[in-house]
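Enquirer: First, the structure itself, so that you have it in front of you.
Values in this text are rule-based calculations from the coordinates and carry no lab data. Given the structure is predicted, the values throughout are model-derived calculations rather than measurements. Glycine also receives a Cβ, built like all others from the backbone with ideal geometry; neighbour counts cover every protein chain displayed.
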Amino acid sequence: MKKKSIPATKKQVLAKYPDGIERLEIGSGDNPEPGYVHADIQASPKVDILADARKLPLPDNFVKDEIRAVHIMEHFCHPELSSAQMRNDIGTTLEVLKEMYRVLAPGGKFFMVTPDYEKITTSAAKRRVSFDRLQSWTVGGHLNMFDVHHWLWTHDDAEKWFSLAGFIELQDVNPIRARSKIWNLNWTDPKLGQNDRWFETEWYHWLFFEGVKPR
Ligand SMILES: C[S@@+](CC[C@H](N)C(=O)[O-])C[C@H]1O[C@@H](n2cnc3c(N)ncnc32)[C@H](O)[C@@H]1O
């Protein structure tokens, strides 16, 4: 039987989604969030669009409502501090944010989850989390070349780079209160008290951040 190919060009994407896309997830990998169209640089049966987040095969203003990016934005380099060669080979955080801005329709939202460098280093200094966890949160899973972290974000980075890309209404999003349907990450609210080792959880170490493309 002929293998079904995954849309990878603008023409193929337009043929499959002639009216645009409501909600897109980039870097969805093996963990796609239901309710989104899934794009990733690595092909798999769970991927709807084969694409590099640096240059999506989508027209401008194509995604109407939201782009979600969970554990991908740390896979890009720093826009100034990384070398020219690294920036060119891997791509930068700012470059990807600008690409998200381009494909989002005015009023659309970009939401990301990424390791929070400040939270992780604070936990490390207080020896709250085991070193093997800290290693993978810091450098990535290293399953392949797309599973390597190139820059860990701080909250200030997010504010700066989202603004430079043009996003407004920047805010932290508490996933437990704002997105109660999303439980596939290890999100446990310390205030709910179900987990007395809540400080080891992902919730406590990730940055949940969003911005809106102005209308
Ligand atoms: C750590 S996995 C996260 C997967 C999933 N979002 C999750 O939370 O479990 C990172 C994903 O980003 C994808 N990725 C890395 N670089 C990418 C790029 N330049 N463009 C698109 N996807 C990329 C990888 O292929 C991988 O599926």
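Enquirer: If the only charges are +1 at each Lys and Arg Cβ and -1 at each Asp and Glu Cβ, what is the size of the charge dipole of the chain around the Cα centre, to the nearest 20 debye?
Expert: 560
Enquirer: Follow-up question, since we're still on this one. If a/c stays under 1.5 just call it rounded; otherwise compare a/b with b/c (prolate if a/b is bigger, oblate if not). Do that for the stretch 21-143, with a ≥ b ≥ c from the square roots of the Cα gyration tensor eigenvalues. Let's see the in-between values first.
Expert: Details: a/c = 1.86, a/b = 1.55, b/c = 1.20.
Verdict is prolate for the stretch 21-143.
Enquirer: Let me ask something else. Around residue 90, what is the net charge, scoring Lys/Arg as +1 and Asp/Glu as -1 over all other residues with Cβ under 11 Å from its Cβ?
Expert: Combined, the nearby Lys, Arg, Asp and Glu give -1.
Enquirer: Project the alpha carbons of the chain onto their principal axes and report the range along each, largest first, in whole Å.
Expert: 52, 45, 40
Enquirer: Another question, if that's okay. Counting DSSP beta bridges with both partners in the chain, what percentage is antiparallel, nearest 5?
Expert: Working: 11 of 29 bridges.
If I count the DSSP bridges inside the chain, around 40 percent turn out antiparallel.
Enquirer: Using only DSSP helix segments of four residues or longer, with each worth -39500 (n - 2.57), what per-residue ellipticity at 222 nm results for the chain after dividing by its residue count and rounding to 500? Numbers along the way, then the final one.
Expert: Working: 7 runs with 58 residues, N = 215.
Calculated mean residue ellipticity at 222 nm is -7500 deg cm²/dmol.
Enquirer: Quick check: pseudo-label points 7 Å beyond the Cα along Cα→Cβ at residue 164 and residue 85, how many nm apart are they?
Expert: Taking the two extended label points, one gets 2.2 nm.
Enquirer: Under the 0.36 nm per residue contour assumption, what length would be gained going from the current alpha-carbon distance of residue 172 and residue 148 to full extension? Intermediate values should be presented prior to the final figure.
Expert: Numbers: separation 24, 0.36 × 24 = 8.64 nm, distance 2.47 nm.
That works out to 6.2 nm of additional length.
Enquirer: Would you order 99, 80, 169 from fewest to most other beta-carbon atoms within 10 Å of each residue's own beta-carbon? Walk me through the numbers before you get to the answer.
Expert: Values: 99 21, 80 8, 169 11.
Result, fewest neighbours first: 80, 169, 99.
Enquirer: Once you order the gyration tensor axes a ≥ b ≥ c over the Cα atoms, which shape class does the stretch 115-180 get: rounded for a/c under 1.5, otherwise prolate or oblate by comparing a/b with b/c? Can you show the working numbers first?
Expert: Details: a/c = 1.86, a/b = 1.44, b/c = 1.29.
Prolate is the answer for the stretch 115-180, as a/c is 1.5 or above and a/b outweighs b/c.
Enquirer: I've got another one for you. What is the distance in Å between the Cα centroid of the stretch 46-117 and that of the stretch 1-44?
Expert: One Cα centre to the other: 15 Å.
Enquirer: Local charge sum around residue 100 (other residues, Cβ-Cβ under 14 Å, Lys/Arg +1, Asp/Glu -1)?
Expert: Once positives and negatives cancel, what remains is +1.
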